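The values are calculated or read from the model by the stated rules, or taken from the named source; none is laboratory data. As the structure is a computational prediction, the values presented were derived from the model and not from experiment. Neighbour counts run over all protein chains shown; Cβ positions are idealised from the backbone, glycine included. To get the accessible areas, we keep the full protein, side chains included, count just its heavy atoms, and leave off ligands, DNA and RNA. Shrake-Rupley method; radii C 1.70, N 1.55, O 1.52, S 1.80 Å.
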Amino acid sequence: LTALLGLSEAGLPVLLAAAFAAFAEPLVAQHDALVAVFGAAGPSPRGVGNVSGHGDALPFADGSFHAAALDGTHSAALVADVVRCVRAGGRVLAAVSLALPPGVRELARDERHWVGEVLAPAIVVPLRRA
């Protein structure tokens, strides 16, 4: 998971879906990662934030996370919101049952998961004649 999410530095913020919650505590212990888990039932592991009652919108600013991991149970709206929360150049790992969302370039795929890189939004500069 560390390699797939591109966690090359300590202290990077990571967003995990409930299916990946078992990896939260090891990411904190081994990489000093700042981990938030959404959709998990019950108490969160030590040093891990648990987000509940989010629906299809997460309570995080754009680009708040370095990476995110999703299972195959999420709506297209929630997947898009997770992508919004991952910074440009960050990675998203997801089940192949989820479509690759707009703004994400596929880096790798196998029979169970795909890994994508979040692209920087296009900046349009209006041209005016003087």
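Worth pointing out:
- Summarising the strand pairing of the chain, around 35 percent of its internal DSSP beta bridges are antiparallel.
- When the solvent-accessible area of the range 1-116 is split by element, carbon and sulfur atoms take up 55 percent of it, the probe being 1.4 Å.
- Net length gained if the chain between residue 32 and residue 77 were fully extended (0.36 nm per residue, minus Cα distance): 13.2 nm
- The chain - percent relative contact order, Cα under 8 Å, separation 6 or more: 20
- With a simple spin-label model that places each label point 7 Å from the Cα along the Cα-to-Cβ direction, the separation between residue 123 and residue 52 comes to 4.2 nm.
- Model label points for residue 62 and residue 87, set 7 angstrom from Cα along the Cα-to-Cβ axis, are 1.5 nm apart.
- In the chain, excluding the sites themselves, the longest stretch lacking any of the trypsin sites (Lys or Arg not before Pro) that are in a DSSP loop with at most 10 other Cβ atoms within 10 Å is 47-111.
- Principal semi-axes in Å for the range 1-67 [√(5λ), Cα gyration tensor, largest first]: 19, 14, 10
- For the range 49-130, accessible area per residue (1.4 Å probe, heavy atoms of protein chains only), Å²: 59
- Inter-centroid distance (Cα atoms) of the range 72-112 relative to the range 5-52, Å: 17
- When the GluC sites (Glu not before Pro) in the range 19-128 are filtered for DSSP coil states and for at most 15 other beta-carbon atoms within 10 Å of their beta-carbon, the remaining sites are 111.
- Nearest-ten-degree value, helix 76-85 long axis tilted from longest Cα axis of the chain: 80
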